[in-house]
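Q: To start, I am sharing the structure in question, which I have written as structure tokens.
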Amino acid sequence: MPKKQVTLLQLLERARHRERSKITADEINRAYECDINPSRQKEFFPKHRNSIVRRTVSNRHEEQLAKDLHRLETLRLPDGGLLRILYYQCPLKSVRADKGVGKIDLIGCVNKQSLALVELKTKDSKENPRIALLEIMKYGAIVRDNINAINCEITKKFDLELSEGVRLMIVASENFIHWTRGQQRIRT
């Protein structure tokens, strides 16, 4: 009897609760390809409660960083490309009961062609880096399944016609990235 398909949310929960659990690239790929995701009926880019982005004292460091980066409007990428930041804290839930479905830290476009989803991790994050990978892959799968609605909203709200797919990015402090392979440290 074949194994039941594991979802990205199940892999994410496994990674969060069992630090040493083995999750393979094949498992992640199968989950990404087969994931069934919520279909959001509301806007993906609603107006933020306060249209002025204010710096506040908070322990929600990633959300604050997202607001600060949104205010910058653009970032130069390591490959020389330009990331225009369109929106921060983009909701993905279709209904309140959609467990494990969060908000995309930043949505932008690269070189006015590709949609970019950005997961932020600050230096004080205690999460294992594979959680960031699973989070951005889950967000990517949801966006993939809602891409027509998202592209229509982007065209209306930001006057952009994106044509080159979706780029998934993790932006993290070097202090956060501490993946190792054997004894060799991998720097990203």
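Q: Could you list, in sequence order, the residues of the stretch 60-73 that are over 13 Å from H48 (Cβ atoms) and surrounded by 11 or more Cβ atoms within 10 Å (Cβ to Cβ)?
A: If the condition is that a residue be over 13 Å from H48 (Cβ atoms) and surrounded by 11 or more Cβ atoms within 10 Å (Cβ to Cβ), then R60, H61, E62, Q64, L65, D68, L69, E73 are the ones that fit.
Q: Output the residues belonging to the stretch 110-164 that are of a type in the set (D, E, K, R) and in a helix (DSSP H, G or I).
A: R130, E135, K138, R144, D145, E153, K156, K157
Q: For K157, work out the one condition from (1) closer than 19 Å to K67 by Cβ; (2) buried (at least 17 other Cβ atoms within 10 Å of the Cβ) it doesn't fulfil.
A: (2)
Q: Another one. Does the stretch 96-115 hold any residues that are touching a residue at least 24 places away in the same chain (Cβ under 8 Å) and within 26 Å of V6 (Cα to Cα), and which are they?
A: Of everything in the stretch 96-115, those that are touching a residue at least 24 places away in the same chain (Cβ under 8 Å) and within 26 Å of V6 (Cα to Cα) turn out to be D98, K99, G100, V101, G102, I104, D105.
Q: Any chance you could count how many residues in the stretch 65-83 are in a loop (DSSP other than H, G, I, E, B) and in contact with a Phe, Trp or Tyr (Cβ under 8 Å, 6 or more places away or on another chain)?
A: Result for the stretch 65-83: 0.
Q: Looking at the stretch 12-45 only, could you name the residues that are over 16 Å from the mean Cα position of the chain (by Cα), of a type in the set (V, I, T) and either surrounded by 16 or more Cβ atoms within 10 Å (Cβ to Cβ) or over 21 Å from P129 (Cα atoms) (or both)?
A: Within the stretch 12-45, I23, I36 qualify.
For (1) closer than 22 Å to A31 by Cα; (2) modelled with pLDDT of 90 or more; (3) under 18 Å from the mean Cα position of the chain (by Cα), each residue gets a yes or a no:
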{"site": "Y139", "(1), (2), (3)": "yes, yes, yes"}
{"site": "N151", "(1), (2), (3)": "no, yes, yes"}
{"site": "K156", "(1), (2), (3)": "no, yes, no"}
{"site": "D159", "(1), (2), (3)": "no, yes, no"}
{"site": "R167", "(1), (2), (3)": "yes, yes, yes"}
{"site": "F176", "(1), (2), (3)": "no, no, yes"}
{"site": "T180", "(1), (2), (3)": "no, no, no"}
{"site": "R187", "(1), (2), (3)": "no, no, no"}
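The values are calculated or read from the model by the stated rules, or taken from the named source; none is laboratory data. Since the model is a prediction, treat every value here as computed from it, not as a measurement. Cβ atoms come from the backbone with ideal geometry, glycine included; neighbour counts cover every protein chain shown.
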